[in-house]
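Just below is one structure, and these are the notes that go with it.
The values are calculated or read from the model by the stated rules, or taken from the named source; none is laboratory data. What you see is a predicted model, and the numbers here were worked out from it, not measured in a lab. Here the Cβ is made from the backbone with ideal geometry for all residues, glycine too, and neighbour counts use every protein chain on show. The protein model used for the area step is the full one, side chains on, heavy atoms only, and it has no ligands, DNA or RNA in it. Shrake-Rupley method; radii C 1.70, N 1.55, O 1.52, S 1.80 Å.
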Amino acid sequence: MKENMSKNTKEIVFYTNPESRARIVRRMLEEVGEPYTVKVLNYNGDMKTPEYLKVNPLGKVPAIQHGDLVVTETAAICAYLADQFPEKNLAPPLDSPERGTYYRWLFFAAGPVEMANSAKACGWNLEDNLQTVGSGSHDDVLKALELAVSKGPYICGEQFTAADVYVGSHISWGMQFKTLEERDSFKRYVERIEKRPAFQRATKLDDELSKG
């Protein structure tokens, strides 16, 4: 957690619980490396207070407030932070062909991967409803995801981006909770992500919060 603000930077307030997808946003914030203030919310009422519902009407974390602007939804927060701090090189340039690759897999993880993994975890049958659900079959999602992480060290080749923060977290948790197969390509990709200093700092901070 960083508390000192530079005078030219709008305050970033991070609403979190370490037992949630907010861990992804913590990893992104640590990659950005700008100061941020942490507000930890518990599941026993903090997230449903009138004050917080003004931040996120769903009463869920993560969320950030950047100056007067609120951003919710984990993938959106990652993309927003990458764009707000372009000097950190966490997104390909707008005129780069890799920008399309970046968007493709960032939102593939937010949509089909999230849906397919949730369905498997909850025991929902997608096979009888493939024309209705947006993800397609779980097997097709895995094949596409393997394509995303097999063309380079990172999704956009040599450049590490916010897409890797988001996709890497989903793959890591999917293998941990058995909603994704432990394929070699997934394990190699996650190992690269988890070696990053920002990932290790974020993990340490959230693990300490969980213990507290």
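Values for this structure:
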item	result
Test result for LEU81, farther than 29 Å from PRO57 by Cα and in a helix (DSSP H, G or I)	no
Residue count, the stretch 91-110 (criterion: touching a strand residue (DSSP E or B) at 6+ places or on another chain (Cβ under 6 Å) and open to solvent by 20 Å² or more (accessible area, probe 1.4 Å))	2
Condition check for ASN56: more than 18 Å from ASP206 (Cα to Cα), open to solvent by less than 20 Å² (accessible area, probe 1.4 Å) and not in a helix (DSSP H, G or I)	yes
For PHE160: the one exception among (1) under 26 Å from PRO86 (Cα atoms); (2) in contact with a helix residue (DSSP H, G or I) (Cβ under 7 Å, 6 or more places away or on another chain); (3) not charged (D, E, K, R)	(2)
The listed residue being at pLDDT 95 or above and surrounded by fewer than 19 Cβ atoms within 10 Å (Cβ to Cβ), out of LYS120, LYS88	LYS88
Selection status of VAL61, in contact with a Leu (Cβ under 7 Å, 6 or more places away or on another chain), assigned to a loop (DSSP other than H, G, I, E, B) and aliphatic (A, V, I, L, M)	yes
Lone qualifier among PHE199, PHE186 - being open to solvent by 10 Å² or more (accessible area, probe 1.4 Å) and touching a helix residue (DSSP H, G or I) at 6+ places or on another chain (Cβ under 6 Å)	PHE199
Test result for GLN131, surrounded by fewer than 16 Cβ atoms within 10 Å (Cβ to Cβ) and at pLDDT below 95	yes
MET28 vs. criteria at pLDDT below 95 and either within 17 Å of the chain's Cα centre (by Cα) or open to solvent by 70 Å² or more (accessible area, probe 1.4 Å) (or both)	no
